[in-house]
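S.K.: One structure follows; several queries about it will come next.
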There are 2 protein chains.
Amino acid sequence: MKHAQDVKQWKIGLLGLGTVGRGVVEILGERSAILAARAGVDIRVARVFDRSWRKKQDVLGDIPASDNADDVLNDPELDVVVELIGGLEPAHDFVRRALESGKNVVTANKALLARHGNTLLPLARKHQVSVGFEAAVAGALPVIRNMRRSFVSDDVSAIHAILNGTSNFILTRMEEDGMDYAEALKLAQDRGFAEADPTFDVGGFDAGQKLAILAALAFDTAIAEDAVIVEGIETIRHKDLSFAAAMNRVIRPLAIARKFPDGRISLRVHAAMLPADHALAAVQDEKNAVMIDTSNSGPAMIMGLGAGARPTAAAVISDLVFLAGRESGQSQIWLSGFDQPNPVTEFEYRFYLRFQTVDRPGVLSEISRILAGEQISIASVHQYEGAEPIDLVVVTHTVDEAALKRALDSIAKLESILAAPIWIRMKEEHQSGEGDSGSSVLPGADGRG
Amino acid sequence: MKHAQDVKQWKIGLLGLGTVGRGVVEILGERSAILAARAGVDIRVARVFDRSWRKKQDVLGDIPASDNADDVLNDPELDVVVELIGGLEPAHDFVRRALESGKNVVTANKALLARHGNTLLPLARKHQVSVGFEAAVAGALPVIRNMRRSFVSDDVSAIHAILNGTSNFILTRMEEDGMDYAEALKLAQDRGFAEADPTFDVGGFDAGQKLAILAALAFDTAIAEDAVIVEGIETIRHKDLSFAAAMNRVIRPLAIARKFPDGRISLRVHAAMLPADHALAAVQDEKNAVMIDTSNSGPAMIMGLGAGARPTAAAVISDLVFLAGRESGQSQIWLSGFDQPNPVTEFEYRFYLRFQTVDRPGVLSEISRILAGEQISIASVHQYEGAEPIDLVVVTHTVDEAALKRALDSIAKLESILAAPIWIRMKEEHQSGEGDSGSSVLPGADGRG
């Protein structure tokens, strides 16, 4: 047994010196004495791969760098490889080779894990090494560690999360500042949250990859990213947030994973109207949050900054400290199952529907006839005066989604309907994943038309 | 190196078979296969000490039990002692002996750590063993682990927390159900949250002990529990919550730790009025929450159930899994400093003040003269009609607390004042510890009298 004051040396090889990689080098430089004192580890960046390392001498200092990844991957002195390149290839190849050569890996690459986690995690296990990926989901928020560790003796029944900061920023700015969608998206782009092509974020795909990773840990089984059903927020307009506010609700971009008593799993990303006092309603702007329902520990929520160079670098370093202190070959929390889940595709929610119609009597009658034909019961209707297109808002009772989609398809074909219908699911429960029925309706609903 | 599929055996000795101890035995029994699969550890309760173990055969089964703690403390086969007795003695003596004999310790005992953590943690370090105490603060919420580990490379500047479930339950029931204090306390007692003598909870002492533990980890220095300045919630009445609601605020029982740029630390437990959209406003009933402001990772919040047998037992087990996977003598995160901080005792807040007065003209004039004499500036005044005592509510601008206390002492001596003045601090900032000035005032404030 070593003396506790002994400081363990750990050498890392860094792949990729972008903003997060730079953050890792900087924090390790600034905080090495603190990490030695607090955790008994001395973590040094021993070697760096970056194609343009020559332009980054300011942060590199004396650290040897190369534009050939082999110089890192073939170095037998390294304890861990930190992959911060992103994307599928060559990151996948590099991570695979690092694991096969017996090196631990820490990565922030959600796309890689969502696509190849099912093979990379067993590969790590085979070679007695670990993969740390705290930084891949919700940046600085310790959701991976807590899912794998704090709730290790629990059964997770549901996750309700806000995993895409760009989408949440857009919806909260639309709500708070009265912006419309395009304006809020522009602001997100100006602030550097949103990419020039925002589809990956606002279309729900980014959140879908993160949800696949979280759900795999939560439900202890491999999950392919295409098992996640994804809807974006692009159709939501400022008036939908106004209607929501009139019902004392807010709209948030949710990622929801549920395990049903029969073992089936549902994984979905879509916007939802939440009661204004719901815990996830307090998650604003670019913040992320993960709410976990467990059997023993009850619902718990973690919220904070989901992205950014420094927060993500701090998460990478927390993985390094954890791996450095771990006994070799032990205490890696792995997935015990690798069956593909049987996904649930039927759901029951109440729905907010907004139709843009011509301004003439009888429109509501046409719409309500089609809804009735699919056994969809209306809780309230609000029809607004003004120039065409007129907004007709319908809040349903709990419906079968497949029936609703059929009804919306029929309604969209009516001559009196001027644009594709908008639909947003409504969640009633306060801070748990159970129950999706309730009674809140738009005030002043009067069913004219 | 062992093969990864090897399962590590860990034998625990359990001191105390109350509700949490029973939860630990039950969960380990139910979940042993899961823990072996997920974490590679086989954790068995090998020996139990409980004075009335004979009455608890239902949960003990074949586990050897004794009413002599020496049978646990002297057993050389045990890897860890789990202390779930509570209180200072004999728990302190047992934990000290366990550490001295080279056993790891896991405990849920906040009183023990707040009083003796400053000697027990160095003792553990000396004997190359660890103390796990995730369950001591905020039950199932992984706040200890995250403070020690996820933010290991960060500087924590502030903690804002709700650490006492009983106080939070009372204030939220007063707010939601229109109950007065005594009625909400009775409900908390009926539901088993509050003790027959609730002083430890509602007086802020429980939260004070927990805050001392959290702040020691956050600021990396030993903190004595009597360094925490504590105020209770006993003086708050339903009408204070109504006045808060009129300002779009809620009242929550906060525990606040701050580190100032000059290195001084302030530690306080008191009720505060928060904006209704503050993240801590969404923390209702018996839930706990801890919001951490850090240098690299930004503000992060963890919320969920802070107490209960199963959540606390799950936290104990997460500590056991963590310790079992740790390399001996390594990766224990300890406190690097043991200097007593220089506590800050001057603060500046805006204050809500409520005076109960006789119904005659001139009362406001007397009160405002005394406030002005202490340089305390009034933001708004609201005086309510009705039977004596009349409520006179004053919201101040930012004040020096010492000056305010002097003014309140003088005002309390006025003939026209019928009861001790009520004061509640107002926090303005949204989700961070910085800044305590703002402008929200009671609507309709008109300064009559």
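S.K.: Could you list, in sequence order, the residues of the stretch B:271-289 that are part of a strand (DSSP E or B) and either within 23 Å of residue B:192 (Cα to Cα) or modelled with pLDDT under 90 (or both)?
M.R.: Result: B:271, B:287, B:288, B:289.
S.K.: Among the listed residues B:105, B:72, B:25, B:48, identify the single one that is more than 14 Å from every other protein chain (Cβ to nearest Cβ), in contact with a helix residue (DSSP H, G or I) (Cβ under 9 Å, 6 or more places away or on another chain) and within 30 Å of residue A:217 (Cβ to Cβ).
M.R.: B:105
S.K.: Which of the residues belonging to the stretch B:316-328 are at pLDDT 90 or above and facing another protein chain (nearest Cβ under 8 Å)?
M.R.: B:317
S.K.: Quick check on this structure: which one of B:125, B:145 is touching an Asp or Glu at 6+ places or on another chain (Cβ under 7 Å), among the basic types (Lys, Arg) and in contact (Cβ under 8 Å) with a residue 24 or more places away in the chain?
M.R.: Of B:125, B:145, the one residue that is touching an Asp or Glu at 6+ places or on another chain (Cβ under 7 Å), among the basic types (Lys, Arg) and in contact (Cβ under 8 Å) with a residue 24 or more places away in the chain is B:145.
S.K.: Would you check which residues across the stretch A:145-157 are buried (at least 21 other Cβ atoms within 10 Å of the Cβ) and either away from chain B (no Cβ under 14 Å) or out of contact with any Leu (no Cβ under 7 Å at 6 or more places or on another chain) (or both) and list them?
M.R.: Of everything in the stretch A:145-157, those that are buried (at least 21 other Cβ atoms within 10 Å of the Cβ) and either away from chain B (no Cβ under 14 Å) or out of contact with any Leu (no Cβ under 7 Å at 6 or more places or on another chain) (or both) turn out to be A:145, A:146, A:149, A:150, A:151, A:154, A:156.
S.K.: What about residue A:259, is it touching a residue at least 60 places away in the same chain (Cβ under 8 Å) and within 14 Å of chain B (Cβ to nearest Cβ)?
M.R.: no
Residues checked against (1) in contact with a Ser or Thr (Cβ under 8 Å, 6 or more places away or on another chain); (2) within 14 Å of chain A (Cβ to nearest Cβ); (3) closer than 30 Å to residue B:106 by Cβ:
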position: B:244; (1), (2), (3): no, no, no
position: B:263; (1), (2), (3): no, no, no
position: B:286; (1), (2), (3): yes, yes, yes
position: B:298; (1), (2), (3): no, yes, no
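S.K.: For the stretch A:112-128, check the following and say yes or no: at least one residue is over 20 Å from residue B:145 (Cα atoms), small (Gly, Ala, Ser) and facing chain B (nearest Cβ under 10 Å).
M.R.: Checked the stretch A:112-128: at least one residue is over 20 Å from residue B:145 (Cα atoms), small (Gly, Ala, Ser) and facing chain B (nearest Cβ under 10 Å).
S.K.: Given A:17, A:28, which one is under 29 Å from the mean Cα position of the chain (by Cα), of a type in the set (A, V, I, L, M) and modelled with pLDDT of 95 or more?
M.R.: A:17
S.K.: Exactly one of (1) surrounded by fewer than 21 Cβ atoms within 10 Å (Cβ to Cβ); (2) modelled with pLDDT under 95; (3) assigned by TED's automatic domain parsing to the domain that holds residue A:103 is unmet by residue A:40. Its number?
M.R.: (1)
S.K.: Scan the stretch A:99-113 and give yes if some residue there is in the same structural domain as residue A:70 (by TED's automatic domain parsing), surrounded by fewer than 24 Cβ atoms within 10 Å (Cβ to Cβ) and modelled with pLDDT under 85, otherwise no.
M.R.: No, the stretch A:99-113 has no match at all.
S.K.: Taking the condition of being under 17 Å from the mean Cα position of the chain (by Cα) and of a type in the set (A, V, I, L, M), how many residues in the stretch B:189-199 meet it?
M.R.: 1
S.K.: Hey, another quick one. Quick one: in the stretch B:2-59, of everything that is free of Cβ contacts under 8 Å to residues at least 24 places away in the same chain and of a type in the set (Asp, Glu), which residue is farthest from residue B:107 (Cα to Cα)?
M.R.: B:58
S.K.: Which pairs do you get when a residue that is within 14 Å of residue A:123 (Cβ to Cβ) and outside the structural domain of residue A:51 (by TED's automatic domain parsing), found in the stretch A:83-97, comes within reach of a residue that is assigned to a helix (DSSP H, G or I) and at pLDDT 95 or above, reach meaning Cβ atoms under 7 angstrom, with the pair 6+ apart or on two chains?
M.R.: Short answer, once both residue conditions are applied: none.
S.K.: On the given criteria, is residue B:267 at pLDDT 95 or above and buried (at least 24 other Cβ atoms within 10 Å of the Cβ)?
M.R.: No; evaluated as a whole, the condition is false for this residue.
S.K.: Which of the residues belonging to the stretch A:82-93 are outside any loop (DSSP other than H, G, I, E, B) and surrounded by fewer than 24 Cβ atoms within 10 Å (Cβ to Cβ)?
M.R.: Residues satisfying the conditions are A:91, A:92, A:93.
S.K.: Let me ask another. Among (1) touching a helix residue (DSSP H, G or I) at 6+ places or on another chain (Cβ under 6 Å); (2) surrounded by 15 or more Cβ atoms within 10 Å (Cβ to Cβ); (3) within 14 Å of chain B (Cβ to nearest Cβ), where does residue A:19 come up short?
M.R.: Every listed condition holds for residue A:19 apart from (2).
S.K.: Taking the condition on the phi < 0 side of the Ramachandran plot and more than 9 Å from chain B (Cβ to nearest Cβ), does residue A:7 pass?
M.R.: So residue A:7 passes the test.
S.K.: I'm trying to understand the selection: among the residues of the stretch A:362-412, which are part of a loop (DSSP other than H, G, I, E, B) and either within 33 Å of the chain's Cα centre (by Cα) or aliphatic (A, V, I, L, M) (or both)?
M.R.: Residues satisfying the conditions are A:376, A:377, A:387, A:397, A:398.
S.K.: Select, from B:221, B:235, the only residue that is touching a Gly at 6+ places or on another chain (Cβ under 7 Å) and among the hydroxyl-bearing types (Ser, Thr, Tyr).
M.R.: Checking each option against the conditions leaves just B:221.
The values are calculated or read from the model by the stated rules, or taken from the named source; none is laboratory data. Values in this document were obtained by computation on a predicted structure and should not be read as measured data. No Cβ is skipped: glycine too gets one built from the backbone with ideal geometry, and neighbour counts run over all protein chains shown.
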